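Report on one structure; see the data block that follows.
Each reported figure results from applying straightforward, stated rules to the coordinates on display, with no laboratory input. The structure presented is a predicted model; accordingly, all values stated were derived computationally and were not measured. Cβ placement follows ideal geometry from the backbone for every residue including glycine, while neighbour counts extend to all protein chains displayed.
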Amino acid sequence: MTKFLISFPASAMDVAAEDMAAVAEASHAVIREAKAAGVYVFGGGVNSDVASLMVAADGRCTNETYPQTREFDGGFCVLELPSREVAVHWAARIASACRCAQELREFYYDPEC
């Protein structure tokens, strides 16, 4: 089984305030189904209220990010699935619930994890 990251940036969600409760319920329902199916690994949302830290190999911290990840925010989940086709199916269900496209990425297999 392969682990897949399904995610979206916060800016992708263009949902009216009055629809947010329905979107939240729909997305939670899909995640509950993933849990019931035994494919859910973990998920959540990146807390954009807390500043990112760059931690160097020597432990030194600076208030910065890699330039390409400055706007890394939004929601994500990791699912463990038998194929990319099944991952596309789950990503489509999450996209429908969240009312925005989802990015699908595959993790490398690491026998140590």
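Rounded to whole Å and ordered largest first, report the semi-axes of the equivalent ellipsoid of the chain derived from its Cα gyration tensor (root of 5λ). Please report the intermediate quantities before stating the final value.
Working: eigenvalues 134, 91, 26 Å².
Value: 26, 21, 11 Å, ordered largest first.
Using alpha-carbon pairs under 8 Å, 6+ residues apart, how would you state the relative contact order of the chain in percent?
Values: 151 pairs, mean separation 56.8, N = 113.
Contact order relative to length: 50 percent.
Could you put Leu53, Leu79 in order, starting from the residue whose Cβ has the fewest other Cβ atoms within 10 Å?
On the way: Leu53 10, Leu79 24.
Fewest-to-most Cβ neighbours within 10 Å comes out as Leu53, Leu79.
Please go through the range 1-87 and write out the GluC sites (Glu not before Pro) that DSSP classes as loop and that have at most 12 other C-beta atoms within 10 Å. Before the final figure, lay out each step's value.
Details: sites: Glu18, Glu25, Glu33, Glu64, Glu71, Glu80, Glu85; in loops: Glu64, Glu71.
Filter output for the range 1-87: Glu64, Glu71.
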